[in-house]
1. Suppose we keep only residues that are without any contact (Cβ under 8 Å) to a residue 24 or more places away in the chain and within 13 Å of the chain's Cα centre (by Cα) within region A:20-37. Which one would you say is nearest to B:Ala55 (Cα to Cα)?
2. Quick one: in region A:1-35, of everything that is among the small types (Gly, Ala, Ser) and within 14 Å of another protein chain (Cβ to nearest Cβ), which residue is nearest to A:Glu73 (Cα to Cα)?
3. May I ask you to list the residues in region B:107-121 that are in contact (Cβ under 8 Å) with a residue 60 or more places away in the chain and more than 9 Å from the chain's Cα centre (by Cα)?
4. Quick check on A:Val80: is it modelled with pLDDT of 95 or more, buried (at least 16 other Cβ atoms within 10 Å of the Cβ) and within 30 Å of B:Ser7 (Cβ to Cβ)?
5. Within the group A:Ala63, A:Ala48, which residue is more than 13 Å from chain B (Cβ to nearest Cβ), within 30 Å of B:Ala106 (Cα to Cα), surrounded by fewer than 13 Cβ atoms within 10 Å (Cβ to Cβ) and not charged (D, E, K, R)?
6. How do the pairs read when you match residues in region A:51-71 that are touching a residue at least 12 places away in the same chain (Cβ under 8 Å) with residues anywhere that are of a type in the set (S, T, N, Q), using Cβ under 6 Å and keeping only pairs 6 or more apart or on different chains?
7. Kindly indicate whether B:Glu103 is surrounded by 14 or more Cβ atoms within 10 Å (Cβ to Cβ), under 21 Å from B:Cys19 (Cβ atoms) and among the acidic types (Asp, Glu).
8. Scan region B:130-138 and give yes if some residue there is surrounded by 14 or more Cβ atoms within 10 Å (Cβ to Cβ), at the interface with another protein chain (Cβ under 10 Å from one of its Cβ atoms) and part of a strand (DSSP E or B), otherwise no.
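The values are calculated or read from the model by the stated rules, or taken from the named source; none is laboratory data. Values in this document were obtained by computation on a predicted structure and should not be read as measured data. Heads up, the Cβs are rebuilt from the backbone with ideal geometry, glycines too, and the neighbour counts pull from every protein chain shown.
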Amino acid sequence: MRLVYFASVREALGTAEEQRELPPHILTIHELVLWLADQSPDHASALADMDRLRFALDQQMVAAGALIGNSTELAIFPPVTGG
Amino acid sequence: MKIIRISTDPINPVAELACLGDLGGGALASFTGIARQDGDVVGIELEHYAGMTEACLGDIIEKAHARWPLLGTIIVHRVGYIAVGEPVVVTGAASLHRAAALEATAYLIDCLKTDAPFWKKEHYGDGRAMWVAAKASDDVRAAQWKIR
């Protein structure tokens with residue numbers, strides 16, 4: 001799956017995107033983020049506070065409980081601050 | 001007429017709005033957001049999620065047209081580095097009468113603030129920079145449109 005990061009999450013991870021093979025037991029974004037946080041110390045610190053993260057699955061805003069299904073791109077970012 | 005534009009170059013609100021002025025309506029309302037002079041801030045940096053941003057702004061504009069009798073709408077948002085005092089965003093709406101144009105203009109910016117994937121970082125005179133935190137007051141304003 002293609003993972004894309006923005007703003008403070010991107011900076012904490014030191015990368016704007018990465019490709020990851022997800023373990024088959026991961027069904028929701030919440031589960032994915034818990035697994036991803038275990039992949040490196042940078043991931044752990046960037047993803048530590050789930051309540052402060054927002055998600056878009058194939059470019060649609062979704063809640064952490066959303067099912068990943070056949071989606072190909074997950075974006076992880078802080079609350080938006082445009083305008 | 002529905003216009004969405006993401007610009008890396010400076011935006012000129014008057015020029016952007018010109019196309020909404022000759023649609024035959026009696027009302028053209030607009031909002032311009034400007035990089036605010038705030039303490040030691042010298043500029044802001046805007047990041048966006050290319051593709052999703054345009055789709056999201058398109059959705060906001062469609063909802064505005066479904067809700068008010070509008071002749072045209074525009075959202076122009078700048079990205080990249082923006083010096084204090086320069087425009088960041090322009091929203092505008094043209095209609096036969098002022099109520100629809102004024103309300104739709106506010107709707108466009110209120111929904112953009114909470115729904116569109118943009119992120120703002122403040123740059124300070126001493127070289128530091130910090131991401132701006134989302135404001136609860138913005139959520140309240142956007143939510144008011146969604147319950148009405």
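1. Quick first cut of region A:20-37, residues without any contact (Cβ under 8 Å) to a residue 24 or more places away in the chain only: A:20-21, A:23-25, A:31, A:34-35, A:37.
Filter once more, keeping what is within 13 Å of the chain's Cα centre (by Cα): A:20, A:31, A:34-35, A:37.
Numbers: A:Arg20: 26, A:Glu31: 27, A:Leu34: 29, A:Trp35: 30, A:Ala37: 29 Å.
Result: A:Arg20.
2. Start the filter on region A:1-35 by keeping residues that are among the small types (Gly, Ala, Ser), which leaves A:7-8, A:12, A:14, A:16.
Now narrow it down to the ones that are within 14 Å of another protein chain (Cβ to nearest Cβ): A:7-8, A:12, A:16.
Details: A:Ala7: 17, A:Ser8: 19, A:Ala12: 20, A:Ala16: 13 Å.
Once the filter is applied, the top-ranked residue is A:Ala16.
3. B:Ala116, B:Pro117, B:Phe118, B:Trp119, B:Lys120, B:Lys121
4. Details: modelled with pLDDT of 95 or more: yes; buried (at least 16 other Cβ atoms within 10 Å of the Cβ): yes; within 30 Å of B:Ser7 (Cβ to Cβ): yes.
In short, yes.
5. A:Ala63
6. A:Leu57/A:Ser71; A:Asp58/A:Ser71; A:Gly65/A:Thr28; A:Leu67/A:Thr28
7. Working: surrounded by 14 or more Cβ atoms within 10 Å (Cβ to Cβ): yes; under 21 Å from B:Cys19 (Cβ atoms): yes; among the acidic types (Asp, Glu): yes.
It is true that B:Glu103 is surrounded by 14 or more Cβ atoms within 10 Å (Cβ to Cβ), under 21 Å from B:Cys19 (Cβ atoms) and among the acidic types (Asp, Glu).
8. yes
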